[in-house]
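Presented below is the structure to which this report refers.
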Amino acid sequence: MTVTWEELGWERLAAGAGRCRLPGWDCTAGLVLGEGTALMVDAGASLAEGARLRAQAEELAGGRVTHLALTHPHFDHVFGAPVFAGAEVYAAVGVDAVFAHERTELRRDAVRNGLSVTDADEAVDALVSPRHLVCGEWTLDLGAGRQALLANVGPGHTANDLAILVPGAPEVVFCGDLVEESGEPQAGPDALPSRWPDALDRLLSLGGEDALYVPGHGAVVDAGFVRRQRDALAARFGVS
């Protein structure tokens, strides 16, 4: 018997595409189903959370997760990645350098935001650089006519922001933390505020007026919300 998105606490967005809102930091994890394939978008904040996500995703897919796309290198989106062994992992160019040289800061940020020291240490020790680094755009053919377009639309929230467009009716755009709905957009020390509005312009060009925009935190929004957040960020940081 096939399980439904709703039975597992996920939100169906379009045919073959859905997401869940994770406890703790209200992060989004997304899933796109193809033919014998499954693309996970972000991996949760710990190895345990990643394992739960993988189990649910594989129940929905009826098979293993074959692809994982990381929207940006913050702990609440990537610390579950090591449990997706065997999946092809994609991220924006530069995430490999963050994983290689900034592990101490990743761990420190996770603990500062409430992740246990044990969970942070386990995840940092297990992190592996993504195999596929996206510069520009990369189209994944997931079979059965379903594709996902990975687009390096940053910098903005970080220097390494990746968006994922799932064509369809409606189109779905996984935005990472370039867009946040459940709170103000967070500009940490690795943000590039002067470039963030341009990143949102690229995001809007990618999805268009009728797409569903899935933020890194919070409820699904429309193009109007993204545009208003773009204008608020431009005003906040004094850029046009």
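Rg over Rh for the range 26-73 works out to 0.94, using Cα positions for both radii and the Kirkwood form for Rh.
In the range 137-181, one over the average inverse separation of all distinct C-alpha pairs is 11.2 Å, which is the Kirkwood hydrodynamic radius. Our estimate of slack between Asp141 and Ala126, defined as 0.36 nm per intervening residue step minus the Cα-Cα distance, is 2.5 nm.
Could you list log10 I(q)/I(0) for the range 96-204 at q = 0.22 Å⁻¹, which the Debye formula gives when each Cα is one point scatterer? The Cα Debye sum returns log10 ratios of -1.25.
Ordering Leu31, Leu192, Val111 by the projection of their Cα atoms onto the charge dipole of the chain, which places +1 on the Cβ of Lys and Arg and -1 on the Cβ of Asp and Glu, puts Leu192 at the extreme positive end.
From most to least packed by mean Cβ count within 10 Å, the peptides 106-117, 142-153, 70-81 give 70-81, 142-153, 106-117. Per residue, the accessible area of the chain comes to 41 Å² when a 1.4 Å probe rolls over the protein heavy atoms.
Ranking Ser194, Ser205, Ser46 from most to least accessible surface, computed with a 1.4 Å probe over the protein chains only, gives Ser205, Ser194, Ser46. Take the alpha carbon gyration tensor of the range 41-117, find the square roots of its eigenvalues, order them as a ≥ b ≥ c, and report rounded if a/c is under 1.5; if not, report prolate when a/b exceeds b/c, else oblate. It comes out oblate by the Cα gyration axes. Just so you know, the averaged projected area of the alpha carbon convex hull for the range 1-134 sits at 7.7 nm². Derived from the Cα gyration tensor, the three semi-axes of the equivalent ellipsoid of the chain are 24, 22, 16 Å, largest first. In the chain, the DSSP beta bridges split such that about 65 percent are antiparallel, to the nearest 5.
The values are calculated or read from the model by the stated rules, or taken from the named source; none is laboratory data. The structure presented is a predicted model; accordingly, all values stated were derived computationally and were not measured. Note that each Cβ is placed from the backbone with ideal geometry, even for glycine, and that neighbours are counted across all protein chains shown. Each accessible area value is taken on the protein alone, full model and side chains, heavy atoms only, with ligands, DNA and RNA left out. Shrake-Rupley method; radii C 1.70, N 1.55, O 1.52, S 1.80 Å.
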